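Input: a single structure, listed below in structure tokens.
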Amino acid sequence: MRRWLLLLILISATVQAEQTVTTPDGDEIPVTVHPADGSDLILWLSSEFGPRPRGRELAATLAAAGTEVWRPDLHAAWFLPVGRYSLNDLDPAAIASLIDTAIRQSGKRVFLMAEGRSVALALRGVRAWQLSSPADSARLAGLLAFSPRLFVHTPQGGEAAEYLPVVGASNLPVYVLQPVDSGGYWRIGEDVRQLEQGGAMVFLHPLRDVSDGFHVRPEYSDSEAAMSRRLPTILHAAMEQLAGYGGTPPTAAALGGEPRAPERPQNSALLRPYPGERQAPPLQLDSLRGGRIDLAALRGKVVLVNFWATWCPPCVEEIPSLQRLYETLRPQGLEILAVDVGETVETMEAFLVDKPVGFPVLMDSEGDALRRWGVYAFPTTLVLDRQHRIRYAVFGAFDWSSNEVQNTLAPLLSAPAE
């Protein structure tokens with residue numbers, strides 16, 4: 001109780017101003033300012049899910065340590081509903097206006113901070129600002145990027161990743177903070193290589209024992225609470241690292257192709273038909289129950305391959321419906337292989353102790369199968385026909401025992417084995 005009282009006092013003392021930044025088009029962006037006496041300012045672009053209450057706690061702590069924080073509410077400015085695609089159509093000129101105002105009004109060294117899909121928006125905003133011929137580009141010291149999502153759309157198991165063009169046309173210093181308990185962790189190396197194409201100096205800081213959004217989510221584990229307490233120190237060290245590279249170049253990097261915003265959700269069935277006639281890659285992994293399972297030995301069965309992890313709430317949420325589907329359709333020739341990525345046998349055994357899972361759980365501890373199968377996010381599920389051609393792929397969780405899913409699988413199950 002005392003801790004929360006002290007926190008409320010801290011927040012009340014540091015949140016002193018609400019201001020408005022007006023864009024060239026006349027739109028007004030509300031900005032919460034956490035003032036501080038130091039020489040640095042963080043311009044924090046919230047994720048596509050909007051500002052979170054715990055973000056205020058982090059901003060207050062940073063301000064108390066001397067770093068001013070501006071938190072614009074992009075969703076409120078344009079009455080946008082929060083959600084995965086909510087920032088698609090936002091004009092990067094609005095971000096350029098925020099950068100320019102923060103530099104001119106504060107006189108401080110400015111760092112952008114962004115999360116998830118707003119990282120790409122930040123890159124587009126920096127590029128728009130560079131193209132406006134800023135007089136003091138060196139005052140934008142770099143970008144702090146949490147869990148960047150840099151694709152046109154999240155690849156549906158086995159698809160090649162298509163990066164937004166601006167990713168390879170960014171030349172400001174970037175410090176990536178990537179939780180290890182995240183689907184994005186297994187592909188972060190390629191994200192870094194793509195960012196470096198335009199000349200960006202990129203630093204990668206893996207954050208262990210935490211998952212995406214740990215610093216702003218209302219629910220968090222003990223390890224995530226501990227990392228949240230360490231985060232202000234980590235961010236200050238990251239800012240000093242970025243500041244050593246002289247700020248953002250005044251000239252934007254060359255951009256190939258037209259800039260694109262991420263795609264909107266498609267109005268299609270839950271299970272998206274997989275393009276082409278691709279055979280499933282090999283899959284040979286140790287089973288949690290002992291022994292080694294080879295996908296090739298299941299030829300003649302319809303196989304649902306589900307990539308997941310225990311720290312992923314949507315993955316956990318869909319387990320009961322996967323079990324119901326398994327019980328219903330296994331007599332007709334359905335097999336389910338749940339591929340756990342990056343975790344230990346001990347973790348998995350403890351997790352499943354009170355969960356009646358009948359299908360095999362395979363251990364991909366080093367993420368080798370994840371890479372071979374082209375998986376970029378959790379949960380990702382691929383449906384193979386009896387010849388083990390990939391027929392459907394889906395990213396995200398839903399009710400696998402629904403009539404829609406069973407009706408979609410019915411033709412595969414009724415087809416002959418050869």
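The values are calculated or read from the model by the stated rules, or taken from the named source; none is laboratory data. All values derive from a computational prediction rather than experimental measurement. A quick note on method: Cβ atoms are made from the backbone with ideal geometry, for glycine too, and the neighbour counts reach across all protein chains shown.
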Item to check | Check on Phe307, in a strand (DSSP E or B), in contact with a Ser or Thr (Cβ under 9 Å, 6 or more places away or on another chain) and not hydroxyl-bearing (Ser, Thr, Tyr) | outcome: yes
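Residue-wise test of (1) assigned to a helix (DSSP H, G or I); (2) among the acidic types (Asp, Glu); (3) in contact with a Phe, Trp or Tyr (Cβ under 6 Å, 6 or more places away or on another chain); (4) buried (at least 16 other Cβ atoms within 10 Å of the Cβ).
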| position | (1), (2), (3), (4) |
| --- | --- |
| Glu346 | yes, yes, no, no |
| Phe351 | yes, no, no, yes |
| Val357 | no, no, no, yes |
| Leu370 | yes, no, yes, yes |
| Ala410 | yes, no, no, no |
Item to check | Residue in the stretch 112-120 that is in contact with a Ser or Thr (Cβ under 9 Å, 6 or more places away or on another chain) and either surrounded by fewer than 22 Cβ atoms within 10 Å (Cβ to Cβ) or among the aromatic types (Phe, Trp, Tyr) (or both) present | outcome: no
Item to check | Test: residue in the stretch 380-401 that is outside any loop (DSSP other than H, G, I, E, B) and without any contact (Cβ under 8 Å) to a residue 40 or more places away in the chain | outcome: no
Checklist outcome for this item: Going through the stretch 179-198 in order, the residues found to be part of a helix (DSSP H, G or I) and closer than 12 Å to Cys312 by Cβ are Gly183, Gly184, Tyr185
Checklist entry - Would you pick out the residues in the stretch 61-79 that are of a type outside the set (D, E, K, R), in contact (Cβ under 8 Å) with a residue 24 or more places away in the chain and in a loop (DSSP other than H, G, I, E, B)? => result Ala65, Gly66, Trp78
Item to check | When residues of the stretch 388-402 are limited to those that are surrounded by fewer than 18 Cβ atoms within 10 Å (Cβ to Cβ) and under 17 Å from Gly158 (Cα atoms), the one nearest to the chain's Cα centre (by Cα) | outcome: Gly396
Checklist outcome for this item: Counting only residues that are surrounded by fewer than 20 Cβ atoms within 10 Å (Cβ to Cβ) and either under 16 Å from the mean Cα position of the chain (by Cα) or among the aromatic types (Phe, Trp, Tyr) (or both), the stretch 157-180 contains a total of 4
Checklist outcome for this item: Scanning the stretch 74-128 residue by residue, those touching a helix residue (DSSP H, G or I) at 6+ places or on another chain (Cβ under 9 Å) and among the aromatic types (Phe, Trp, Tyr) turn out to be Trp78, Phe111
Checklist entry - Would you call Glu196 more than 20 Å from Leu62 (Cα to Cα), in contact with a strand residue (DSSP E or B) (Cβ under 8 Å, 6 or more places away or on another chain) and either surrounded by 16 or more Cβ atoms within 10 Å (Cβ to Cβ) or free of Cβ contacts under 8 Å to residues at least 24 places away in the same chain (or both)? => result yes
Checklist entry - For the stretch 28-44, does any single residue satisfy the condition of being part of a helix (DSSP H, G or I) and in the same structural domain as Met239 (by TED's automatic domain parsing)? => result no
Item to check | Residue identified as more than 29 Å from the chain's Cα centre (by Cα), crowded, with 19+ Cβ neighbours inside 10 Å and touching a residue at least 12 places away in the same chain (Cβ under 8 Å) among Leu322, Leu334 | outcome: Leu334
Item to check | Subset of the stretch 206-239 [in a loop (DSSP other than H, G, I, E, B), crowded, with 19+ Cβ neighbours inside 10 Å and without any contact (Cβ under 8 Å) to a residue 60 or more places away in the chain] | outcome: Phe214
Checklist entry - Applying the selection to the stretch 62-82, what residues are over 16 Å from Ala102 (Cα atoms), within 24 Å of the chain's Cα centre (by Cα) and surrounded by fewer than 22 Cβ atoms within 10 Å (Cβ to Cβ)? => result His75, Ala76, Ala77, Trp78, Phe79, Leu80, Pro81, Val82
Checklist entry - Does the stretch 337-344 contain at least one residue that is farther than 23 Å from Leu412 by Cβ and exposed (fewer than 13 other Cβ atoms within 10 Å of the Cβ)? => result yes
